[in-house]
Amino acid sequence: MRKKKKILRVLFSFIFLIGGLAVVMMFSPLLLLSDIGVDDVSHYTEEEIIRSSGIKKGENALKYLGGSITHLLQLRMGNAEKMVESLPWIKTAEIRYTFPGSIKVMLMERHAIAWIRHMGNFLLIDEEGYVMEVSSKMDDQYPEIRGIQPDRFTIGKKIGTEIPDKITWLVQLLQGLEQVDLNTQWKLIEVLDWIDFLEKKELYLSLDGRITAKIKLDNELTYRLSYLKELYYNYIKPEEKGIIDFFDEKYARFIAE
């Protein structure tokens, strides 16, 4: 009996101590937010990022910490991160508290890569098929994706269609384009006019309004896109027109008009 009472006293003392520490921390000026640092991004100002996060200077950091055990252990503000990630051009956000009173907002933006038509408008999408903008017309900065008709979309979310496989193919193509253009001077995406999806996982690509290529969507897609890029920039003259034909699994030939 005495042992049980002793255990209860220790337990109540521990709870009281934790509660006391929590109260002290809640009112401690050391935890008041005085500085918010935000990574530079192209499509939003620092004020817009802070406003979307819901975080306000002068409030206690404990109000925002958490969201999950992982967030709490890393002193991250999970709910604020989700709010920032709801912005169409933001791919990931990481918001960390640093003692005393500072917050660092680290961001990764989405990169637009193509337009896709939807009911008279055009959706600007990234390599994962997420929609960043809606416009009544396209610009010449990005190619048009044809042969895929979205049946629904939400800005900041991935497009949807009644044929999910086509979205998978689209993502495969866009990620392949991003990979072959990574860290290179010449960009295939810069000379693409449009891409048309056909049946049986095949597609046509138009380059600079004068070269048409037919490519199969399979595990060799990145290789074929690299090969296509090599042919266009190094072997085809600027004034030539014609078709690039991948006549077997590995090789292609240029057929001039």
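The values are calculated or read from the model by the stated rules, or taken from the named source; none is laboratory data. What you see is a predicted model; the values in this text were computed from it and never measured. Please note: Cβ atoms are built from the backbone with ideal geometry, for glycine as well, and neighbour counts cover all protein chains shown.
Selection within the range 111-136: residues that are out of contact with any strand residue (DSSP E or B) (no Cβ under 7 Å at 6 or more places or on another chain) and part of a loop (DSSP other than H, G, I, E, B). The member of this set that is surrounded by the fewest Cβ atoms within 10 Å (Cβ to Cβ) is G120. All of D245, D151, D193 fail the test of being farther than 25 Å from E109 by Cβ and without any contact (Cβ under 8 Å) to a residue 24 or more places away in the chain, apart from D151. Of all residue pairs spaced 6 or more apart or on separate chains, those with beta-carbon atoms under 9 Å, a first member in the range 79-103 that is closer than 14 Å to K157 by Cα and a second member that is of a type in the set (K, R) are E85/K91; P88/R110; P88/K157; W89/R110; I90/R110; K91/R110. Condition (residue is of a type in the set (G, A, S), in contact with an Asp or Glu (Cβ under 7 Å, 6 or more places away or on another chain) and more than 28 Å from E85 (Cβ to Cβ)) applied to the range 218-229: is it met by at least one residue? For the range 218-229, residues of a type in the set (G, A, S), in contact with an Asp or Glu (Cβ under 7 Å, 6 or more places away or on another chain) and more than 28 Å from E85 (Cβ to Cβ): absent. For the range 149-165, state whether one or more residues are part of a helix (DSSP H, G or I) and over 19 Å from L231 (Cβ atoms). Checking the range 149-165: at least one residue is part of a helix (DSSP H, G or I) and over 19 Å from L231 (Cβ atoms). Considering (1) of a type in the set (A, V, I, L, M); (2) in a loop (DSSP other than H, G, I, E, B); (3) within 19 Å of G78 (Cα to Cα), the lone condition that L107 does not fulfil carries the number (2).
Out of curiosity, is M108 closer than 23 Å to G176 by Cβ, among the aliphatic types (A, V, I, L, M) and surrounded by fewer than 17 Cβ atoms within 10 Å (Cβ to Cβ)? For M108, the condition - closer than 23 Å to G176 by Cβ, among the aliphatic types (A, V, I, L, M) and surrounded by fewer than 17 Cβ atoms within 10 Å (Cβ to Cβ) - is met. Name the single residue that is modelled with the highest pLDDT among those in the range 139-182 being over 21 Å from T92 (Cα atoms) and of a type in the set (S, T, N, Q). Residue satisfying both the conditions and the ranking: Q141. Of the residues K82, K91, the single one that is assigned to a strand (DSSP E or B), modelled with pLDDT of 90 or more and surrounded by fewer than 19 Cβ atoms within 10 Å (Cβ to Cβ) is K91. Scanning the range 54-67 for residues that are under 18 Å from K82 (Cα atoms) and either part of a loop (DSSP other than H, G, I, E, B) or at pLDDT 95 or above (or both) turns up G54, I55, K56, Y64, L65, G67. The single residue among L207, L217 that is of a type in the set (A, V, I, L, M) and modelled with pLDDT under 90 turns out to be L217.
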